[in-house]
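Below you'll find the structure, written out as structure tokens, and then a few comments.
The values are calculated or read from the model by the stated rules, or taken from the named source; none is laboratory data. A quick note: this is a predicted structure, and the numbers were derived from the prediction, not measured. With ideal geometry, Cβ positions are generated from the backbone for all residues, glycine too; neighbour counts draw on all protein chains shown. Please note that ligands, DNA and RNA were not included when accessible areas were found on the heavy atoms of the full protein model with its side chains. Shrake-Rupley method; radii C 1.70, N 1.55, O 1.52, S 1.80 Å.
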Amino acid sequence: MRFEILGEVRALREADVIDLGPAKQRAVLAVLLLQPGRPVPTHQIVDAVWGDDPPENGANVVQKYVAGLRRVLDPDRAPRTPGELLALTGSGYVLRTDEASVDAEEFQAALALADTHRRAGRPAEAAHALRGALALWHGDALAGLTGPVFDAARTRLTEARANAWEKWFEIEVSLGHHTAVIPDLARLVEEFPLREGLRSQLMIALHQAGRQAEALAAFRDARAYFLEEFGAEPGERMQEAHRKILRGEPFYTEPVDPWAGSAEPIPTVTPSSSGPTGPPVQAAQMYAPPQPYMPFAAPTSPPAPVPSADPFLSMLASAQKAGGRFPLGELFFAILAPLVSFGFGTWFYFVYAGTKHHDRRQYFVAGFYAVLLLVGFTLAFVVDPSPVDSDVYTTAENVGFPLFLIPPLISAAHGALVAVHLGAGRGDWARRESARQLAAFDPARAQQIGIGRPGQLRSFSDGGLVDVNHASADDLTTLPGIGPELAYRIVQDRHQRGPFRTVDDLVARGVVNARQMGRIAPRLLCIAPEGVPHRFL
């Protein structure tokens, strides 16, 4: 007999799934499986299964469901004889699992086995045990069951699962299998968005695979998520990974122990008498790369290394490539939505564009098309419809049909232009953010390669950034609303009063007003000259 709660609650006899009966009967079994081998009082079963709405005679109802479970779980038991698998004791009902298995107990045992392998310096076996533990899951724990007891158990089990994933990924990435695990890491970051350990491993895996721009984009996305949801910055673990990526430093030059920091020390392993002699070594130093995990179909050879002569230029080039992808899918959606929906979807794309690109103007456009559609439909089919066999249209129909049929064509063309424009703007935003981060890390190098100076010949794009401390007057005129006179005033002010500390100094010194600042701020950068303290916005 086998019981499962790491997903839908199930019972299996050999390979056959047992029909557990009604949902409440299945819930009673789940309560007993949360404490296998230990008696559970009847009132606790009632509270867990029915919560604040218990039946009038809860004890009798529980007894009825237990009898149903005995019939399906122990069909060979003689009628009216005490149950052995599901027994009643003085303290409550108990599910005896001495001769059965429970997947949650197997999961915990596999985690303990992984810890044992780790302490013996066997990372391949530790990773294999962790993967075996994770393979026991087949959905959300206790799927379909609700209530405080089930919710708390589900949270506890899910937390243990997420911890196991983090440890497994850390072993795999530290052993050089970063390319193979990236798809699963990206999926699990979506599933567990609050787990900074998973997000850090995704950043590290992308960086190790030579995809620095995507690694930095993963940090930007995480930071935006935490700020929007909680008003807090990412934790030190992600911050440190981010700093190392900006510096172009490799990770895991020495094998790591994902259990490091636990209360128990890493044991010392002494070589056997038949092996090489020498001083004792730490288990973490004995890590040897295991074979790649086959379901990932890991490549037989490592990815080609990214040229490291100038990590700044390689990261910027990667960001330019990543940000310059044409939004083909969005373009198709903008064109097809109003046409395939026979005009009723003229507003669909603009709502999508406003949400995706945080552009409120698109909501007004969507509203305009929706109103136009409603007016055209009302005039054409509701106000004064002509008889079906009539060859003459009414005045309302003559006005309504064009309003109903022409806007979808206009909306398709309009949406295509918006998709191309917003897609290009998104690419420039990604380039600007990458350039800002690199400039914040090493201002001198950023100044040397020409970040923020559009008039200088460069092999990369920084998204049109303009450095207020080093750009010429001609460069400053590329900003919206900045004419030659205002550009000259900015240059003159920084020469007479010293370099700007932040871009907000332009307003503080009275060089530009707040309205002008609002227009140019997305493209401004402030790199302080060497030896001058700096901050960036």
Review point. When the residues of segment 509-522 are filtered to those that are modelled with pLDDT of 85 or more and touching a Lys or Arg at 6+ places or on another chain (Cβ under 9 Å), which remaining residue is nearest to R432 (Cα to Cα)?
Key: V512
Point to revise | Flag for Q35 being open to solvent by 50 Å² or more (accessible area, probe 1.4 Å), of a type in the set (S, T, N, Q) and under 29 Å from W137 (Cα atoms) | key: yes
Check your understanding: Can you spot a residue in segment 458-473 that is at pLDDT below 80 and basic (K, R)?
Key -> yes
Exercise for review: Determine whether segment 219-232 contains at least one residue that is surrounded by fewer than 23 Cβ atoms within 10 Å (Cβ to Cβ), in contact (Cβ under 8 Å) with a residue 40 or more places away in the chain and part of a helix (DSSP H, G or I).
Suggested key: yes
Review point. Limited to segment 235-251, what total is found for residues that are surrounded by 15 or more Cβ atoms within 10 Å (Cβ to Cβ) and modelled with pLDDT under 90?
Key: 2
Study note, to complete from the structure: Given (1) under 25 Å from H138 (Cβ atoms); (2) out of contact with any Pro (no Cβ under 9 Å at 6 or more places or on another chain), A100 misses just (2)
Check your understanding: For residues in segment 141-152 being touching a helix residue (DSSP H, G or I) at 6+ places or on another chain (Cβ under 7 Å) and at positive phi, which is surrounded by the most Cβ atoms within 10 Å (Cβ to Cβ)?
Key -> L142
Study note, to complete from the structure: Taking segment 75-95 and keeping residues surrounded by 14 or more Cβ atoms within 10 Å (Cβ to Cβ) and in a loop (DSSP other than H, G, I, E, B) leaves R77, G83, L85
**Study point:** The listed residue being touching an Asp or Glu at 6+ places or on another chain (Cβ under 7 Å), closer than 30 Å to R211 by Cβ and at pLDDT 80 or above, out of R432, R453
**Key:** R453
Check your understanding: Which residue pairs have Cβ atoms under 6 Å apart, sit 6 or more places apart or on different chains, and have a first residue in segment 137-149 that is free of Cβ contacts under 8 Å to residues at least 40 places away in the same chain and a second that is aliphatic (A, V, I, L, M) and surrounded by fewer than 14 Cβ atoms within 10 Å (Cβ to Cβ)?
Key -> none
Point to revise | Residue satisfying all of: in segment 153-178; farther than 26 Å from Q35 by Cβ and charged (D, E, K, R); surrounded by the most Cβ atoms within 10 Å (Cβ to Cβ) among these | key: E172
**Study point:** Conditions (1) modelled with pLDDT of 85 or more; (2) small (G, A, S); (3) buried (at least 19 other Cβ atoms within 10 Å of the Cβ): number failed by A353
**Key:** (1)
Exercise for review: Quick one: count up the residues across segment 179-201 that are open to solvent by 30 Å² or more (accessible area, probe 1.4 Å) and under 30 Å from L32 (Cα atoms).
Suggested key: 1
Exercise for review: Give the residues of segment 405-429 that are modelled with pLDDT of 70 or more and surrounded by 15 or more Cβ atoms within 10 Å (Cβ to Cβ), sorted by residue number.
Suggested key: P407, P408, S411, A412, H414, G415, A416, V418, A419, V420
Practice item. Tell me which residues, restricted to segment 14-25, are in a helix (DSSP H, G or I) and either on the phi > 0 side of the Ramachandran plot or in contact (Cβ under 8 Å) with a residue 60 or more places away in the chain (or both). Key: A23
Check your understanding: With respect to G510, is the statement that it is outside any helix (DSSP H, G or I) and open to solvent by less than 20 Å² (accessible area, probe 1.4 Å) true?
Key -> no
Practice item. Go through segment 51-71 and count every residue that is open to solvent by 30 Å² or more (accessible area, probe 1.4 Å), without any contact (Cβ under 8 Å) to a residue 40 or more places away in the chain and part of a helix (DSSP H, G or I). Key: 8
Review point. Does R118 satisfy the condition of being open to solvent by less than 10 Å² (accessible area, probe 1.4 Å), of a type outside the set (A, V, I, L, M, F, W, C), over 30 Å from V46 (Cβ atoms) and modelled with pLDDT under 95?
Key: yes
Exercise for review: Out of D47, D76, report the one residue that is within 41 Å of the chain's Cα centre (by Cα) and not aromatic (F, W, Y).
Suggested key: D47
